[in-house]
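This report refers to the structure that appears directly beneath it.
The values are calculated or read from the model by the stated rules, or taken from the named source; none is laboratory data. Not measured: the values here are computed from a predicted model. Note that we place each Cβ from the backbone using ideal geometry, even for glycine, and neighbour counts take in every protein chain shown.
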Amino acid sequence: MENRMDFSGKTVLITGAAQGIGYACAEAFVKHGATVCMSDINGEAVTKAADTLAVGASVKPIAMQSDVSDADACTRLVESIVSQTGSLDVLVNNAGIAIAGDILTLEVADFDKLMGVNLRGAFLMAQAVARQMVAAGKQGSIINMSSVNSVMSLPNQLAYCMAKGGIAQMTRAMSVRLAAEGVRVNAIGPGSIGTELLQAAIKANPENLTGILARTPLGRLGEPSEIGDIALYLASDYSSYITGETIYADGGRLALGYTVPVKNN
């Protein structure tokens, strides 16, 4: 029986791969035999991450330093990957930052910085990869990292919410344009995932966890590996008739119209 989760011979690019969800996605594809190119603006951190995943891997991941907010850097990254591996089959467009600020307090410079990475950077990376796939006649998969905050609001994360809303619409528009080219475009919308950053926020203020669980029917944080599994699915032939969609992995948060009781430990 054909194993449609076997990515042997496939090249996968993951941005923002040094930690968190990006690292978990890299780990998932490495386990399934892909040649994984791990990109991050922090070259030292992504090299260390790739070295960790290389232990016991059938195909060693490749660490690459790059800035998604730089158009030329995105083009060079794609060209370098194709030069080294011969192809580019999957993009997990994950790089992103968060900067707090509401409509009254958010500085224009911070707005521009976040949009430069989270929205403009996602567009630049997707465009560079899409152009390569189309030119090569590649039936590829592009997976954009959205968020539940593409449809929900956090007043003190105005720019982040705006950017993720843009990602959702970019995914739809890209999917329609690229359908005839054989390139599928989808997104993942995580809820509260237990990344290093979220765990640090909970450690600094344990009440943060209570607030998260109160709006999460499944009663727990998501695991980064659970997002990696969705990326595998969207990149595989198991999702061959899915394009233009966002899969929300949020423990039921979007379906909840009220808070749920939380047990005090």
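The figures follow:
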quantity: Verdict on L154 being without any contact (Cβ under 8 Å) to a residue 24 or more places away in the chain and not in a helix (DSSP H, G or I); calculated: yes
quantity: Selected residue (only one of I202, I188, I193, I167 is β-branched (V, I, T), at pLDDT below 95 and closer than 26 Å to V117 by Cα); calculated: I202
quantity: Residue identified as over 15 Å from the mean Cα position of the chain (by Cα), under 30 Å from A109 (Cα atoms) and aliphatic (A, V, I, L, M) among A18, A45; calculated: A45
quantity: Long-range neighbours under 7 Å by Cβ, at least six apart or interchain, first residue under 15 Å from V46 (Cα atoms) and surrounded by fewer than 24 Cβ atoms within 10 Å (Cβ to Cβ) within region 4-21, second modelled with pLDDT under 95 and not acidic (D, E); calculated: G20/T195; G20/L197
quantity: Those residues of region 39-67 which are closer than 15 Å to Q132 by Cβ and in a loop (DSSP other than H, G, I, E, B), in sequence order; calculated: S66
quantity: Top-ranked residue in region 140-189 [being surrounded by fewer than 15 Cβ atoms within 10 Å (Cβ to Cβ) and small (G, A, S); ranked as farthest from the chain's Cα centre (by Cα)]; calculated: A180
quantity: Those residues of region 198-208 which are within 23 Å of the chain's Cα centre (by Cα) and surrounded by 12 or more Cβ atoms within 10 Å (Cβ to Cβ), in sequence order; calculated: L198, Q199, A201, I202
quantity: Failed condition for A214, given (1) farther than 18 Å from V90 by Cβ; (2) in contact (Cβ under 8 Å) with a residue 24 or more places away in the chain; (3) within 21 Å of the chain's Cα centre (by Cα); (4) surrounded by fewer than 19 Cβ atoms within 10 Å (Cβ to Cβ); calculated: (3)
quantity: Residue satisfying all of: in region 48-79; surrounded by fewer than 16 Cβ atoms within 10 Å (Cβ to Cβ) and of a type in the set (S, T, N, Q); modelled with the lowest pLDDT among these; calculated: S58
quantity: Filter result (of a type outside the set (A, V, I, L, M) and either within 11 Å of T15 (Cα to Cα) or in contact with a helix residue (DSSP H, G or I) (Cβ under 9 Å, 6 or more places away or on another chain) (or both)) within region 77-104; calculated: E79, S87, D89, N93, N94, G96, G101, D102
quantity: Selection from region 68-104 of residues that are assigned to a strand (DSSP E or B) and free of Cβ contacts under 8 Å to residues at least 60 places away in the same chain; calculated: G101
quantity: Output for region 165-187, where each listed residue is without any contact (Cβ under 8 Å) to a residue 60 or more places away in the chain and part of a strand (DSSP E or B); calculated: R184, V185
quantity: Selection from region 189-208 of residues that are touching a Ser or Thr at 6+ places or on another chain (Cβ under 9 Å) and more than 13 Å from G20 (Cβ to Cβ); calculated: G189, G191
